[in-house]
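Rule-based calculations on the coordinates, nothing more; no lab input. Just so it is clear, the structure is predicted and the values come from calculations on it, not from any experiment.
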Amino acid sequence: MTIPSGSTQVFRLNADEARDKALRIAAAAIRRGELVAFPTETVYGLGADALNAAAVERIFSAKGRPADNPLIVHIADIEQVSPLVCSIPAIFYPLAAAFWPGPLTLIMPKSAAVPDVTTGGLDTVAIRLPSHPVAQALIRVAQTPIAAPSANRSGRPSPTLAQHVLADLQGRVAVVLDGGAAGVGVESTVLDLTTSVPTILRPGGVTWEDLAAVIGDVQLDTRVSDINTAADLPVRSPGMKYRHYAPLAPAVLIEGEAPFVWEKMLQSLQVDQPQHPGLLITEEGYDWFTRQPLPERCEFVLMGKRYRPDTIAAGLYAALRRLDELQVDRIYMEGIAPQGMGLAVMNRMRRAAGGLIVQAEG
Ligand code: TXA
Ligand code: MG
């Protein structure tokens, strides 16, 4: 079914009674097999009944998503896990106790109840219990697990505001629940529990350090840790093989410590001499640049505080969308330390740069 353009209903979830009514309408849409975009604590999701194959197929066509890229199944209660999986590994319990509800997705062997289209044909299923009250309420009222990728068109940055969802999917989704800004700003951490040592397939809202503190051994999939060789490695998480987000203008990521990273950005600008450069930069970097001789028509898009990677995660996708809107002809991105939330931030920036990475030497 294609939803005619303009038929998207948008609800702002401020007042309580309006909220209950919106949730009932959205849950009814899910039960009818339609699509609902909703806020989570990471990014907005594009949801459908995870157990209804025809409904899930609509997600793929609305997003323009390749059919082999599996979806995350969202639940509101830990009891909903067992019908979705054929076995629960022991390591699941301490992880769920420590990080659910929250931005951690756990991969386990799937049961027959989960349609193949939901898992992109894989025999595993990705499950997450989000902490956002609207996400939880929607799943509860709909009384079914909800499959949801990020609510962007494939290849666009994930949406952290309802207006990003509408910019990409207006007319392609029955209902949009506007719950304000998604807090974390990058997607959940995807952790594979089917390997002997749990493997991070995608760094995200729960850090490697936090996981290690709870379960000890955690490994990082080589496709995440080494972007340069990644293209030649077999794919464990199908989403990782697609260019996550390609800015309209060619983008370069400059990595290194401050102030060398900023000096290198300035130097690259002077060498390239673009007509209309865009700098994706931290607040500290912006301060530094205001004291330098700058080319005309240089756009600065601020993304947060350099030593607070959580603030950068929160603003990153909106900043990437802003750079496209400004129609810059070349993008320079300031890299940060890949620690804590910085690992997820750098993973997204490296993929946005399509592997064009420059090291600033200190
Ligand atoms: O924070 C999030 O995770 C958001 C919100 C809406 O919950 N969702 C999200 O979904 O980011 P999506 O579809 O954009 O990313 C899901 C990632 C993809 O990289 C996909 O390949 C991977 O999870 N994935 C899903 N199921 C998998 C499985 N069974 N095995 C390996 N990777 C899987
Ligand atoms: Mg996505």
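Reported to two decimal places, what Rg/Rh ratio describes segment 1-69 when computed on Cα atoms with Rh from the Kirkwood expression? Can you show the working numbers first?
Working: Rg = 12.9 Å, Rh = 13.1 Å.
Rg/Rh: 0.98.
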Quick check on the chain: what are the equivalent-ellipsoid semi-axes from the Cα gyration tensor, as sqrt(5λ), descending, whole Å? 35, 24, 18
Collect residues whose amide H, placed 1.01 Å from N in the peptide plane, falls under 5 Å from the amide H of Thr40; neighbours closer than 5 in sequence don't count. Gly45
In Å and whole numbers, how far do the C-alpha atoms of segment 318-362 stretch along each principal axis, longest first? 30, 23, 17
List the residues, sorted by chain then number, that are 5 or more residues from Val186 or on another chain and whose placed amide H is less than 5 Å from its amide H. none
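Can you give the helix-only mean residue ellipticity at 222 nm for the chain, where every DSSP H stretch with n ≥ 4 adds -39500 (n - 2.57) and the sum goes over all residues, rounded to the nearest 500 deg cm²/dmol? If you can, show how the numbers build up before the last one.
Values: 11 runs with 113 residues, N = 362.
Helix-only estimate at 222 nm: -9000 deg cm²/dmol.
What does the extension gain come out to for Ser196 and Asp16, with contour length at 0.36 nm per residue minus their alpha carbon separation? Walk me through the numbers on the way to the answer.
Values: separation 180, 0.36 × 180 = 64.80 nm, distance 4.61 nm.
Gain on stretching Ser196 to Asp16: 60.2 nm.
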May I ask you to evaluate 6.51 cos²θ - 1.76 cosθ + 1.60, the Karplus curve with θ = phi - 60°, for each residue of segment 308-324 and list the ³J(HN,Hα) values in order in whole Hz, giving x for glycine and proline? 10, x, 5, 6, 6, 4, 5, x, 4, 5, 5, 5, 5, 4, 4, 4, 5
How long is segment 248-322 along each principal axis, judged by its Cα atoms, biggest number first, in Å? 32, 28, 19
Mean projected area in nm² (Cα convex hull; one quarter of hull surface) for segment 70-164: 6.6 nm²
